[in-house]
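This report refers to the structure that appears directly beneath it.
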There are 4 protein chains.
Amino acid sequence: MKRVFIAGATGSMGKQVVQLVEKQADCELVGVLAPHAKKDGDFAKTVQCFDQLDEIDISADIWIDFTTPQAVFENVKFALNHQMRPIVGTSGLTTEQTEELQKIAEGQQLGGVIAPNFGLSAVLLMKFAQEAARYFPDAEIIEMHHADKLDAPSGTAINTAKMIAKGRSGSGSIDTNNDARARGDLYDGVPIHAVRLPGYVAHEQVLFGGPGEALTIRQDSFDRSSFMQGVKVALDQVMSLSKLVVGLDKILSI
Amino acid sequence: MKRVFIAGATGSMGKQVVQLVEKQADCELVGVLAPHAKKDGDFAKTVQCFDQLDEIDISADIWIDFTTPQAVFENVKFALNHQMRPIVGTSGLTTEQTEELQKIAEGQQLGGVIAPNFGLSAVLLMKFAQEAARYFPDAEIIEMHHADKLDAPSGTAINTAKMIAKGRSGSGSIDTNNDARARGDLYDGVPIHAVRLPGYVAHEQVLFGGPGEALTIRQDSFDRSSFMQGVKVALDQVMSLSKLVVGLDKILSI
Amino acid sequence: MKRVFIAGATGSMGKQVVQLVEKQADCELVGVLAPHAKKDGDFAKTVQCFDQLDEIDISADIWIDFTTPQAVFENVKFALNHQMRPIVGTSGLTTEQTEELQKIAEGQQLGGVIAPNFGLSAVLLMKFAQEAARYFPDAEIIEMHHADKLDAPSGTAINTAKMIAKGRSGSGSIDTNNDARARGDLYDGVPIHAVRLPGYVAHEQVLFGGPGEALTIRQDSFDRSSFMQGVKVALDQVMSLSKLVVGLDKILSI
Amino acid sequence: MKRVFIAGATGSMGKQVVQLVEKQADCELVGVLAPHAKKDGDFAKTVQCFDQLDEIDISADIWIDFTTPQAVFENVKFALNHQMRPIVGTSGLTTEQTEELQKIAEGQQLGGVIAPNFGLSAVLLMKFAQEAARYFPDAEIIEMHHADKLDAPSGTAINTAKMIAKGRSGSGSIDTNNDARARGDLYDGVPIHAVRLPGYVAHEQVLFGGPGEALTIRQDSFDRSSFMQGVKVALDQVMSLSKLVVGLDKILSI
């Protein structure tokens, strides 16, 4: 039985993680860290509730973190120093912080996973895009989001472009230096187009073209429940990881 | 029986038009204008061939023109002055030339059609987009073409934006003033994104979004044979037109 | 100022309609009919609450009905007999009941609208599909729904097939008598394919093909908030309708 | 320099292979086998032409075969027995014939590739679909072809279903026993839907759905030139293969 501790258990993601862990036959929720968690008492009696990091006096096998950019670094350091393997969905860790955490993990001989995106469809899209680019160097990305998303293009789209560039065996045949605005924004030699429309949630397509044929990979995120599949994969894998890895794709068994 | 004359009968479009006319039970091909048409003798004996406009000494009901921007104005003027109703697929007529031709047509009491695009899927896409914009003011256009297309966005995409603007009842809710390059190029308040990839031919999508729902209209042109359906619509309608209209959508009976 | 009465105001759709009406500058919510509405007191003091149809002793201009198949007929009859114009989103009215209501409406000289689907994207898709079929008689429908939807194909898909058949000028060129199961189910000569997958909500595509080109119309319903746009259209139009019409498409001003 | 022999060099595929080989800097076309090849003389003087298999008296490193189901087995046997490595795009080899050829290849210590489909987009789609099924057991296939394709579903779609079944870690959550015709035809537990429309060429989509998200992989084959990319991959790899493998995916370096 894996003993699981959840930091941020009362947030929108945290609540779903609590439900997920409670459904796993091989997991036991032993504690949570969240503001007011103690007082509100929404958890089972077997779950110990903590308001502050330094109050925590119990141990667990796994530390799941869906908190805030301000809290995540100290949280994960605490977890590693107390022999808990981290599964981190909180964004905001700098490269330096990530490297420091990886060193601590190495010292403690603990594995774990830090994932900027727990959506399996997005993670698979990026993985496949990198592989396809080996044979289809010409690619363009179209990401589509709800009207309220302010930044463009999305972080996932920029990351996808990076992976396509890594996968390419040569340069594509398209003139990407075209400065027409309609041709999108160029990242690592891959044009990205960003659509913003009401009704849409979060979607991304990668379009590949070659002589006489086309290949398209698309992912749609309809709601955040989608992240739970990715967290489940991490829960299944984390005890056998020997390193603190970055990216859910690193632990997919394909 | 409609007597049909074809100008540009030996070009890539012209050849297909010849085949189309010969297949129509109610049409008879009576003459063609094309360089070397006379000498090459690829036409039936009943078809009279002319190399020069001023040699033409026969009459017809319909003049189909798939020639060159240089020739089209004089051709259509000649046709109208000789009581032939024009179906014009040649591009390059200026607004002034078009208006002059419309006046001549009015004087001769002849109808006809000048169409920048004879592809029915593209024409219907634009028509539907204009109608949908009444209820979905938020729209974006993605056009996708082969890698060799130099201009971006395509003329059809710009025209679609114009029709969406015409159909809109109010302004959309999206901030289209966002100057991020990934947000595309703005025409009449509609962002246009242009994709250029090998393998692709000519494709266009209009994406509409509203609260909790989306509507998408897409057209694909795989090859030029698609234009023949539009020419056939024109052939069916031209004898009953009372004006020289611009745009195939003007003569669709829906 | 239009005085609006809402039947079924505490249901999932009803609650959204209440919000919609309260946001309209030219509408005033004057009363609701719903079980326990009186006791629960979730409504403004200016709104009169009724638990039973026969208790209603106030008048309004418009009656919006999102109740149950058991209640809808008596509700709408009551509304018409009390000079209220109905906007009906409740399903379950038989053809006979609908015709009887239309007669009462005629006698009372009242207009109204009964709509099986208030989703604008679905209504526009059906309208455009009927129009496109005039020029593209070959069409197939693919509807995609969440895994829990038991019936296949969906009612909207069957209705779309009916409208395509109505719009067709001739028969298509495809052999739809092919009895291979993969070729889908045939309704009015249009093959319908039904996809059932978790994650999906409610989506429909119509694919048209002709020589060298294709036209595709797709709608996505992500959540029920989408119906509110359609109810708003009905609210805007209902005072000027002279008949009780069936189908939101009948009152779209395009 | 690789010496290449092409069987079926005057067929529609063969002609394109001839052009491909002539463009490769590291390949030399040394001979062809084709009816009338000798007489017609369309080949360079350095290319030896043969009408019959038993006339061939030259040697080469690679034998490319795009002939007929009747000829392919004897052709490839001949090639292997004469130390030529086969690249086979001809269909029609039975399982027994394939196994016999693999034994001969083993005896001769020669590698090669027999590929039912040289289209890279189709091969990648199948590979990715198998991988995605590990995390998305719920999948459906939609294949779309031109109106003249008689069989349904396509062989590639059936093969894709087989690979999805292989990749699945458990059974999906969808009731695929539903006997509604609209639910398609079931292969290895994966519903396949087949669309037949004029204008379409050869296209396939795999739709995956999971809680709150969807993943879609699509490939479009617009014309047969697409196969040449796959033949080029085979040309690049064949000299380093130690076995006669079946399927282009076996030699993709990803």
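Please work out which one of (1) within 30 Å of residue C:227 (Cβ to Cβ); (2) among the hydrophobic types (A, V, I, L, M, F, W, C); (3) at pLDDT 95 or above is the condition residue A:139 fails and give its number.
(1)
Would you pick out the residues in the range C:46-90 that are charged (D, E, K, R) and in a loop (DSSP other than H, G, I, E, B)? Steps first, please.
Narrowing the range C:46-90 to residues charged (D, E, K, R): C:51, C:54-55, C:57, C:61, C:65, C:74, C:77, C:85.
Listed by number, the residues that qualify are C:51, C:57, C:61.
Conditions first: (1) within 21 Å of residue D:91 (Cβ to Cβ); (2) of a type in the set (Asp, Glu); (3) touching a helix residue (DSSP H, G or I) at 6+ places or on another chain (Cβ under 7 Å). Residue D:213 passes all but one, so which condition is the exception?
Looking at each condition in turn, residue D:213 falls short on (1).
Of the residues D:127, D:103, D:45, which single one is modelled with pLDDT of 95 or more and farther than 30 Å from residue D:174 by Cα? Walk me through it before giving the result.
Working: D:127 fails: farther than 30 Å from residue D:174 by Cα; D:45 fails: modelled with pLDDT of 95 or more.
After applying the criteria, what remains is D:103.
Does residue C:67 count as under 22 Å from residue C:20 (Cα atoms), among the polar types (S, T, N, Q) and at pLDDT below 95?
Working: under 22 Å from residue C:20 (Cα atoms): yes; among the polar types (S, T, N, Q): yes; at pLDDT below 95: no.
It is false that residue C:67 is under 22 Å from residue C:20 (Cα atoms), among the polar types (S, T, N, Q) and at pLDDT below 95.
Please specify each residue of the range D:1-20 satisfying the condition of being crowded, with 17+ Cβ neighbours inside 10 Å, out of contact with any Phe, Trp or Tyr (no Cβ under 9 Å at 6 or more places or on another chain) and either under 15 Å from residue D:37 (Cβ atoms) or without any contact (Cβ under 8 Å) to a residue 60 or more places away in the chain (or both).
D:10
I want to confirm something. Restricting to the range B:204-217 and keeping residues that are free of Cβ contacts under 8 Å to residues at least 60 places away in the same chain and at the interface with chain A (Cβ under 7 Å from one of its Cβ atoms), which single residue is surrounded by the most Cβ atoms within 10 Å (Cβ to Cβ)?
The selected residue is B:213.
State all residues of the range D:70-106 that are among the small types (Gly, Ala, Ser) and under 14 Å from residue D:33 (Cβ atoms); if no residue qualifies, say none.
Across the range D:70-106, the qualifying residues are D:71, D:79.
For the range A:158-198, enumerate the residues that are in contact with a strand residue (DSSP E or B) (Cβ under 9 Å, 6 or more places away or on another chain), among the charged types (D, E, K, R), surrounded by fewer than 22 Cβ atoms within 10 Å (Cβ to Cβ) and in contact (Cβ under 8 Å) with a residue 12 or more places away in the chain.
Within the range A:158-198, A:162, A:168, A:185 qualify.
Looking at B:121, B:154, which is the one that is within 18 Å of residue B:229 (Cα to Cα), touching a residue at least 24 places away in the same chain (Cβ under 8 Å) and within 14 Å of another protein chain (Cβ to nearest Cβ)?
Working: B:154 fails: within 18 Å of residue B:229 (Cα to Cα).
Within the list B:121, B:154, the selection yields B:121.
Scan the range D:223-233 and give yes if some residue there is within 13 Å of chain C (Cβ to nearest Cβ), polar (S, T, N, Q) and outside any strand (DSSP E or B), otherwise no.
There is no residue in the range D:223-233 that is within 13 Å of chain C (Cβ to nearest Cβ), polar (S, T, N, Q) and outside any strand (DSSP E or B).
Would you point out which residue out of C:161, C:182 is in contact with a His (Cβ under 9 Å, 6 or more places away or on another chain), of a type in the set (Gly, Ala, Ser) and within 14 Å of chain D (Cβ to nearest Cβ)?
None of the other options fit; the residue is C:182.
Does the range A:102-118 contain at least one residue that is surrounded by fewer than 17 Cβ atoms within 10 Å (Cβ to Cβ) and among the basic types (Lys, Arg)?
Looking through the range A:102-118, at least one residue is surrounded by fewer than 17 Cβ atoms within 10 Å (Cβ to Cβ) and among the basic types (Lys, Arg).
Taking residue C:201 as meeting all but one of (1) surrounded by fewer than 24 Cβ atoms within 10 Å (Cβ to Cβ); (2) within 24 Å of the chain's Cα centre (by Cα); (3) among the aliphatic types (A, V, I, L, M); (4) within 7 Å of chain D (Cβ to nearest Cβ), write down the number of the exception.
The number of the failed condition is (4).
The values are calculated or read from the model by the stated rules, or taken from the named source; none is laboratory data. On a predicted model such as this, the values are computed, not experimentally measured, just so you know. Counting neighbours? That spans all protein chains shown, and the Cβs are built from the backbone with ideal geometry, glycine included.
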